[in-house]
Amino acid sequence: MNLKRLMEPKALPWLVAAALVMALLLTVGGRDTGMASQEEQRIAEVLGAMAGAGKVEVALFYGGETDALGGRTAGPTGAVVVAEGADDLSVRLSLIRAMRTLLGLPESAVDVFVMEEERR
(Lines give C-alpha, C1' and ligand atoms only; values in the text may rest on other atoms or scores of the structure.)
Protein backbone atom coordinates (compact mmCIF):
# COMPACT_ATOMS: atom_id res chain seq x y z
CA MET A 1 0.00 0.00 0.00
CA ASN A 2 1.20 3.47 -0.85
CA LEU A 3 1.98 5.61 2.23
CA LYS A 4 0.95 8.79 0.42
CA ARG A 5 -2.54 7.39 -0.11
CA LEU A 6 -2.85 6.68 3.62
CA MET A 7 -2.01 10.30 4.41
CA GLU A 8 -4.79 11.70 2.18
CA PRO A 9 -7.68 13.39 4.05
CA LYS A 10 -10.27 10.96 2.67
CA ALA A 11 -8.33 8.00 4.13
CA LEU A 12 -8.35 9.47 7.65
CA PRO A 13 -11.85 8.25 8.64
CA TRP A 14 -10.91 4.71 7.58
CA LEU A 15 -7.70 4.83 9.58
CA VAL A 16 -9.54 6.08 12.67
CA ALA A 17 -12.21 3.40 12.27
CA ALA A 18 -9.56 0.69 11.88
CA ALA A 19 -7.72 1.92 14.97
CA LEU A 20 -10.96 1.90 17.00
CA VAL A 21 -11.82 -1.62 15.86
CA MET A 22 -8.34 -2.84 16.79
CA ALA A 23 -8.55 -1.18 20.20
CA LEU A 24 -11.97 -2.72 20.81
CA LEU A 25 -10.77 -6.17 19.79
CA LEU A 26 -7.75 -5.90 22.07
CA THR A 27 -9.92 -4.75 24.97
CA VAL A 28 -12.59 -7.43 24.54
CA GLY A 29 -10.13 -10.11 23.53
CA GLY A 30 -7.96 -9.49 26.57
CA ARG A 31 -10.80 -10.34 28.93
CA ASP A 32 -11.16 -13.96 27.92
CA THR A 33 -7.97 -15.48 29.23
CA GLY A 34 -9.48 -18.81 30.19
CA MET A 35 -9.07 -17.90 33.84
CA ALA A 36 -11.79 -17.13 36.33
CA SER A 37 -12.61 -13.48 36.90
CA GLN A 38 -12.25 -11.97 40.35
CA GLU A 39 -16.03 -12.14 40.72
CA GLU A 40 -16.07 -15.84 39.83
CA GLN A 41 -13.19 -16.54 42.20
CA ARG A 42 -14.87 -14.71 45.08
CA ILE A 43 -18.17 -16.52 44.53
CA ALA A 44 -16.36 -19.88 44.37
CA GLU A 45 -14.63 -19.00 47.64
CA VAL A 46 -17.96 -18.23 49.32
CA LEU A 47 -19.66 -21.34 47.97
CA GLY A 48 -16.68 -23.49 48.95
CA ALA A 49 -17.16 -22.41 52.56
CA MET A 50 -20.65 -23.94 52.60
CA ALA A 51 -21.00 -27.24 54.46
CA GLY A 52 -20.48 -30.18 52.13
CA ALA A 53 -19.64 -28.15 49.02
CA GLY A 54 -15.92 -28.93 48.98
CA LYS A 55 -13.88 -27.47 46.15
CA VAL A 56 -15.99 -25.21 43.89
CA GLU A 57 -15.52 -23.58 40.50
CA VAL A 58 -17.88 -20.97 39.05
CA ALA A 59 -18.44 -19.70 35.51
CA LEU A 60 -20.66 -16.68 34.91
CA PHE A 61 -22.30 -15.87 31.60
CA TYR A 62 -23.31 -12.40 30.50
CA GLY A 63 -25.98 -11.29 28.05
CA GLY A 64 -25.20 -9.42 24.88
CA GLU A 65 -25.54 -5.97 26.46
CA THR A 66 -22.30 -4.00 26.30
CA ASP A 67 -21.44 -0.33 26.26
CA ALA A 68 -19.62 1.45 23.42
CA LEU A 69 -16.22 0.29 24.69
CA GLY A 70 -17.22 -3.36 25.02
CA GLY A 71 -17.76 -3.22 28.79
CA ARG A 72 -20.64 -5.04 30.41
CA THR A 73 -23.73 -2.99 31.21
CA ALA A 74 -25.73 -5.75 32.89
CA GLY A 75 -25.08 -8.43 35.45
CA PRO A 76 -24.72 -12.11 34.67
CA THR A 77 -27.57 -13.88 32.92
CA GLY A 78 -26.50 -17.40 33.85
CA ALA A 79 -24.09 -19.39 35.96
CA VAL A 80 -22.54 -22.84 36.15
CA VAL A 81 -21.25 -24.21 39.43
CA VAL A 82 -19.05 -27.30 39.60
CA ALA A 83 -18.58 -28.62 43.13
CA GLU A 84 -17.16 -31.72 44.79
CA GLY A 85 -20.22 -32.10 46.99
CA ALA A 86 -22.84 -31.47 44.32
CA ASP A 87 -23.80 -35.15 44.24
CA ASP A 88 -25.62 -34.54 47.56
CA LEU A 89 -29.06 -33.11 46.76
CA SER A 90 -29.15 -30.79 49.79
CA VAL A 91 -25.73 -29.36 48.89
CA ARG A 92 -26.83 -28.90 45.27
CA LEU A 93 -29.97 -27.05 46.35
CA SER A 94 -27.97 -24.88 48.76
CA LEU A 95 -25.55 -23.95 45.96
CA ILE A 96 -28.44 -22.99 43.68
CA ARG A 97 -30.07 -20.94 46.44
CA ALA A 98 -26.79 -19.15 47.19
CA MET A 99 -26.25 -18.29 43.51
CA ARG A 100 -29.80 -16.96 43.25
CA THR A 101 -29.20 -14.79 46.30
CA LEU A 102 -25.75 -13.56 45.27
CA LEU A 103 -26.56 -12.78 41.65
CA GLY A 104 -30.32 -12.31 41.56
CA LEU A 105 -30.67 -15.05 38.96
CA PRO A 106 -33.73 -17.24 38.49
CA GLU A 107 -33.27 -20.89 39.44
CA SER A 108 -33.46 -21.87 35.76
CA ALA A 109 -30.35 -19.77 35.03
CA VAL A 110 -28.15 -21.71 37.47
CA ASP A 111 -26.78 -25.18 36.72
CA VAL A 112 -24.83 -27.18 39.31
CA PHE A 113 -22.66 -30.19 38.44
CA VAL A 114 -20.52 -32.69 40.31
CA MET A 115 -16.80 -32.04 39.99
CA GLU A 116 -14.83 -34.63 38.05
CA GLU A 117 -12.54 -36.79 40.23
CA GLU A 118 -9.41 -35.61 38.42
CA ARG A 119 -10.15 -31.94 39.23
CA ARG A 120 -10.55 -32.53 42.97
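Is it true that G52 is modelled with pLDDT under 95 and surrounded by fewer than 16 Cβ atoms within 10 Å (Cβ to Cβ)? The answer is no for G52.
Return a yes/no flag: does the stretch 71-87 have any residue that is in contact with a Pro (Cβ under 9 Å, 6 or more places away or on another chain), within 15 Å of L60 (Cα to Cα) and either outside any loop (DSSP other than H, G, I, E, B) or not aliphatic (A, V, I, L, M) (or both). Within the stretch 71-87, none of the residues are in contact with a Pro (Cβ under 9 Å, 6 or more places away or on another chain), within 15 Å of L60 (Cα to Cα) and either outside any loop (DSSP other than H, G, I, E, B) or not aliphatic (A, V, I, L, M) (or both).
Scanning the stretch 95-104 turns up at least one residue that is touching a residue at least 12 places away in the same chain (Cβ under 8 Å), assigned to a loop (DSSP other than H, G, I, E, B) and farther than 14 Å from G52 by Cα.
The values are calculated or read from the model by the stated rules, or taken from the named source; none is laboratory data. As the structure is a computational prediction, the values presented were derived from the model and not from experiment. Glycine also receives a Cβ, built like all others from the backbone with ideal geometry; neighbour counts cover every protein chain displayed.
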